[in-house]
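Everything on this sheet refers to the single structure shown next.
The values are calculated or read from the model by the stated rules, or taken from the named source; none is laboratory data. Just so it is clear, the model here is predicted, and its values are computed rather than measured. FYI the Cβ positions are ideal-geometry reconstructions off the backbone, even for glycines, and counts take in every protein chain you see. The protein model used for the area step is the full one, side chains on, heavy atoms only, and it has no ligands, DNA or RNA in it. Shrake-Rupley method; radii C 1.70, N 1.55, O 1.52, S 1.80 Å.
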Amino acid sequence: MTEERIWTAALTIIGDEILSGRTQDKNVAQIAAWLNVQGIRLAEVRVVADKTEAIVEAVNILRARNDYLFTTGGIGPTHDDITVDAIAEALGVAVEHHPRAMAVLEAYYATRGGLTEARARMARVPVGADLIDNKVSGAPGIRIGNIFIMAGVPHITAGMLDALTGTLEGGRPVVSKTIGCWVAESEVADLLRDAEKTHEGVAIGSYPFFRDGKTGANFVVRSSNEALVDRCLADLTRDLEATGRIVTAQGI
């Protein structure tokens, strides 16, 4: 049997505000969920400061070992928005104002005070790049090679992801289903490990919690093969119930 091709992506989150704790990142979850639907797995995430050398290093490492690299943050109109320049440096290309991006921004700001020099910075792209449409705030995202440069504001990122939907090559979407049980995960660790070994091709995640004075855990089974997920869940449910525990479908 030919092993199924697994497509992977990495995410680089750029911004001192994330590292300082002033801003909490919300993009990892939505990008991971979106990638799963495209049949692409988010393999790794790196958070870097607004420093050119840090961005260049992260971009060159992550784009080389993944099919796709997404970046969020640092593409606004201010002097410390250096993502475009850093990625251009990583790729060894110059930066230019993209004609279509300039036209989009001119139209967007026509009734909002006009296109200033600062706002025109958002039309700067590495030479050879294409644009990612942004219906939310006008300023487009950027696509060059296997790199997708997006805004850091979550609802703008979501709009850019929507524009990319169906345009990336990937495998089968990852199916994820959950069951829950009032049990300490340490008590069923061997059972979970055996279930994962028995059902080759699935990954089982265990997520413990403490609620109402009791310890419980939700078990998430993931695979690109839905039938395999269902079989694994059925067997895992049977084995948990055989130990006298009550299993809750969809989790607790």
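In this Cβ point-charge picture (+1 for Lys and Arg, -1 for Asp and Glu), the range 2-55 has a dipole of about 120 debye about its Cα centre. Under 5 Å between amide hydrogens, built in the peptide plane, is the criterion, and for residue 46 it picks out 11, 12, 13 among residues at least 5 positions away or on other chains.
Solvent-accessible area of residue 224, all protein chains in place: 20 Å² (probe radius 1.4 Å, heavy atoms, ligands and nucleic acids excluded).
Short-range pairs are left out: with C-alpha atoms under 8 Å and at least six residues apart, the relative contact order of the range 1-87 is 39 percent.
Note on residue 219: accessible area is roughly 0 Å² with a 1.4 Å probe, heavy atoms of protein only. Probing with 1.4 Å while keeping every protein chain in the model, the per residue accessible area of the range 80-177 equals 47 Å².
For the chain, the longest principal axis of the alpha carbon atoms and the long axis of helix 189-198 meet at an angle near 80°. Computed from backbone phi, the HN-Hα couplings of the range 147-158 come to 10, 10, 9, 10, 5, x, 6, x, 6, 6, 4, 4 Hz, rounded to whole numbers (Karplus: 6.51 cos²θ - 1.76 cosθ + 1.60, θ = phi - 60°; Gly and Pro given as x). With point charges of +1 on the Cβ of Lys and Arg and -1 on the Cβ of Asp and Glu, referenced to the Cα centre of the range 21-101, which listed residue (23, 39, 87) lies farthest in the positive direction of the dipole? With unit charges placed on the Cβ atoms, the residue in question is 39. Sorted largest first by accessible area at a 1.4 angstrom probe radius, with every protein chain in place, the residues 183, 136 fall in the order 136, 183.
Think of it as helices only: each DSSP H run of n ≥ 4 in the chain is worth -39500 (n - 2.57), and spread over all residues that comes to -11000 deg cm²/dmol at 222 nm.
With 27 Å as the limit on Cα-Cα distance, the pairs of 51/135; 135/177; 26/51 that go past it are 51/135; 135/177. Within the straight-line cut-off of under 20 Å between alpha carbons, the aspartates and glutamates reachable from residue 197 are 3, 4, 185, 187, 226, 230, 235, 239, 241, sequence neighbours fewer than 8 places apart in one chain being disregarded. Using amide H atoms built in the peptide plane, which far-off residues or other-chain residues are under 5 Å from residue 132 H to H? Under 5 Å from the amide H of residue 132 lie the amide H atoms of 141, 142, 143, each far enough along the sequence or on another chain.
Rounded to the nearest 20, the Cβ-based charge dipole of the range 64-223 about its Cα centre (Lys and Arg +1, Asp and Glu -1) stands at 340 debye. The charge dipole of the range 2-131, taken about its Cα centre with unit charges on the Cβ of Lys, Arg, Asp and Glu (plus for the first two, minus for the last two), comes to roughly 300 debye. Farthest toward the positive end of the dipole of the range 126-192, out of 152, 183, 127, is the Cα of 127, where the dipole comes from beta carbon charges about the Cα centre.
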